[in-house]
């Protein structure tokens with residue numbers, strides 16, 4: 001029997017902490033977070049000051065779904081290297097998943113961007129935070145800033161497509177900045193949804209039953225009593241669901257953040273009021289004939305309010321955002337770790353385009369039939385945006401292909417029917433529109449039955465790649481020696497009038513961080529722009545010099561410099577000087 005090579009590697013005794021970190025990163029990239037956690041813990045045991053090891057521990061916990069356990073190692077990494085943009089980014093990535101810590105996550109992501117403006121990941125994280133809070137404009141700005149730094153960043157392309165579609169988080173009712181657990185607001189949302197569905201269904205069925213009993217069987221009085229009994233039944237039903245809403249102070253904000261939830265609750269309340277008014281009006285013995293439209297209108301509100309709201313929502317969802325631009329951005333993600341997410345979002349976006357096209361063709365055909373048949377010629381141009389997006393995306397889905405062909409056939413047939421006056425053209429066109437609807441319903445039912453993503457907007461997902469795993473800068477023995485024995489150390493920083501330099505005294509900690517004592521005139525400038533460079537020359541090897549570029553943070557009476565880049569070299573010899 002063979003032996004797992006990773007198991008054999010666990011017994012190598014002479015590995016350093018950094019080598020264990022590299023092994024942990026390899027295991028994470030291979031999709032083995034549990035094994036990576038073991039390797040990262042070995043690295044932290046060998047060197048407790050290795051902030052990279054703590055970041056990898058946090059990332060492994062996150063990949064295993066243990067968000068609460070991932071926070072402490074990320075915070076420890078920031079404590080060990082306060083100027084590390086990767087540590088700040090790792091902390092932001094995990095804090096955004098914890099209730100009530102969204103603002104902290106945003107602050108950490110902003111610091112990461114300040115420490116490393118040349119990196120795209122902090123901007124992507126800021127975009128993800130804005131997108132999760134529903135701020136699509138700010139998210140788009142952040143993703144574009146990331147793409148200006150790294151034009152091929154897959155996560156920025158995919159999530160920029162979501163911002164262009166005005167994508168809603170799976171919990172649109174919940175503000176991630178609230179200090180309440182999203183599971184509590186989720187239970188409250190579920191209770192409100194169930195109450196609105198039950199109420200609307202009960203009053204609609206009761207309205208139809210009362211009308212049938214009164215008009216067909218002449219049981220008007222008995223039917224009205226049954227209707228009032230339904231109103232009484234709504235009281236315990238409402239009380240039962242109200243008890244499940246444990247976060248009533250947040251309910252108004254939830255309804256404003258999720259307009260469709262608010263519309264469902266309001267429509268349920270209106271349905272109850274309309275049903276009660278309809279019963280009272282029917283109980284009046286002598287109602288003038290002028291009140292007949294009011295009586296019929298109240299019944300229409302109760303019975304048709306729910307399907308009307310569903311139709312309005314479907315149209316509104318289809319016409320939100322810019323799907324063509326979203327398709328273009330998603331296509332730029334290219335092959336790689338984000339390919340699966342990009343392919344899924346592409347399919348949903350194409351269904352949205354198809355829904356737009358269908359929603360234009362149906363009223364166009366209806367108006368042409370009722371007013372001027374030759375106006376149906378305009379239907380030929382309607383499918384062009386959908387076809388353009390479909391051909392560019394090259395998405396392979398037989399359901400989508402079938403529905404697209406049917407819609408194109410419907411446009412051509414309706415145009416031919418209106419231009420030539422052909423009844424068969426109209427029949428084929430309208431039949432194709434109906435068949436496209438059947439294909440959509442069948443595809444949706446199949447996805448619902450299998451529990452798979454369906455052809456609807458809620459199937460869109462964010463691309464969420466791991467962040468904060470970048471290796472830390474390794475301090476070589478030569479660099480440590482240079483700072484330990486250097487007679488003079490120079491600190492360079494950006495001042496209001498340009499670059500400035502001051503002398504400093506420096507030491508290197510076991511974790512590879514520089515500790516500097518410098519003049520107070522540098523502190524204020526460093527607080528505004530923490531990016532610095534520290535120069536030193538090794539007196540033991542006179543031709544050897546070191547430059548450490550990093551981030552300086554004030555700590556008591558010293559400056560802590562976390563390295564970002566390490567440069568070493570030799571001074572030119574006498575024969576090279578002029």
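Bear in mind that the values in this text are calculations on the coordinates, not laboratory data. For clarity, every value in this text was computed on a predicted model and none was experimentally measured. Here the Cβ positions follow ideal geometry from the backbone for every residue, glycine too, while neighbour counts run over all protein chains shown.
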| query | For the residues 114, 564, what sequence is obtained by ranking on other C-beta atoms within 10 Å, fewest first? | reply | 114, 564
| said: Under 8 Å for C-alpha pairs, at least 6 residues apart: give me the relative contact order for the stretch 182-318, rounded to a whole percent. | reply: 35
| said: Need the full-extension length gain, residue 392 to residue 310, defined as separation in residues times 0.36 nm minus the C-alpha distance. One decimal, nm. | reply: 26.4 nm
| Mind checking the angle between helix 292-318 and the chain's longest principal axis? C-alpha axes, 0 to 90 degrees, to the nearest 10. | 30
| query | Order of 367-379, 446-458 by packing, highest average Cβ count within 10 Å first? | reply | 367-379, 446-458
| Which whole-angstrom value gives the distance between the alpha carbon centres of the stretch 240-269 and the stretch 35-79? | 40
| message | Helix 154-164 against the longest principal axis of the chain: what's the angle in degrees, Cα atoms only, rounded to the nearest 10? | response | 40
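Would you mind putting 493-500, 546-553, 261-268 in packing order, based on average other-beta-carbon counts within 10 Å, highest first? If you can, show how the numbers build up before the last one.
Details: 493-500: 12.4, 546-553: 22.2, 261-268: 18.6.
Taking the mean over residues of other Cβ atoms within 10 Å, the ranking is 546-553, 261-268, 493-500.
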| request: Estimate the FRET efficiency between residue 442 and residue 212 by the formula 1/(1 + (r/R0)^6), using the beta-carbon distance for r and 35 Å for R0, to the nearest 0.05. | output: 0.60
| Using a basic spin-label model with each label point 7 Å from the Cα along Cα→Cβ, how many nm lie between residue 201 and residue 401? | 3.9
| query | Between residue 517 and residue 166, what FRET efficiency comes out of the Förster formula 1/(1 + (r/R0)^6) with R0 = 51 Å and r the beta carbon distance, rounded to 0.05? | reply | 0.45
| note | When 169, 157 are ranked with the fewest other C-beta atoms within 10 Å first, the list becomes 169, 157
| task | Let me have the 222 nm mean residue ellipticity of the chain computed from DSSP H runs of 4+ only, each contributing -39500 (n - 2.57), with the sum over all residues rounded to the nearest 500. | result | -20500 deg cm²/dmol
| field | Distance-filtered residues of the stretch 317-342 - backbone nitrogen under 13 Å, label point 7 angstrom along residue 359 Cα→Cβ | value | 317-323
| Listed highest first by mean packing, meaning other Cβ atoms within 10 Å per residue, what order do 321-330, 228-237 come in? | 321-330, 228-237
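Send over the Kirkwood Rh of the stretch 5-164, from the inverse of the averaged 1/r over different Cα pairs, rounded to one decimal Å. All intermediate terms of the calculation are to be shown ahead of the outcome.
On the way: mean 1/r = 0.0615 Å⁻¹.
By the Kirkwood definition, the hydrodynamic radius is 16.3 Å.
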| Using alpha carbon centroids, what distance separates the stretch 401-451 and the stretch 485-562, in Å? | 70
| Principal axis box of the stretch 414-568, alpha-carbon based, largest edge first, Å | 97, 40, 34
| request: Would you give the gap between the C-alpha center of the stretch 135-194 and the C-alpha center of the stretch 203-232, rounded to a whole Å? | output: 46
| request: Let me have the relative contact order for the chain, percent, based on Cα pairs under 8 Å that are six or more residues apart. | output: 11
| request: Compute the long axis of helix 423-450 from its Cα atoms, compare it with the longest principal axis of the Cα atoms of the chain, and write down the angle in degrees, 0 to 90, nearest 10. | output: 50
| Does the stretch 477-576 come out rounded, prolate or oblate, given a ≥ b ≥ c as the square roots of the eigenvalues of its C-alpha gyration tensor, rounded meaning a/c under 1.5 and, failing that, prolate meaning a/b above b/c? | prolate
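Over the stretch 477-576, what is the relative contact order in whole percent, taking alpha-carbon pairs under 8 Å and six or more residues apart?
Values: 214 pairs, mean separation 26.0, N = 100.
Relative contact order here is 26 percent.
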| request: Decide, for the stretch 338-459, between rounded, prolate and oblate: order the square roots of the alpha carbon gyration tensor eigenvalues as a ≥ b ≥ c, take rounded if a/c falls under 1.5, and otherwise choose prolate if a/b is larger than b/c, else oblate. | output: prolate
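Using the 10 angstrom Cβ neighbour count as an exposure proxy, how do 96, 15 rank, fewest first?
Sorted ascending by nearby Cβ count, the order is 15, 96.
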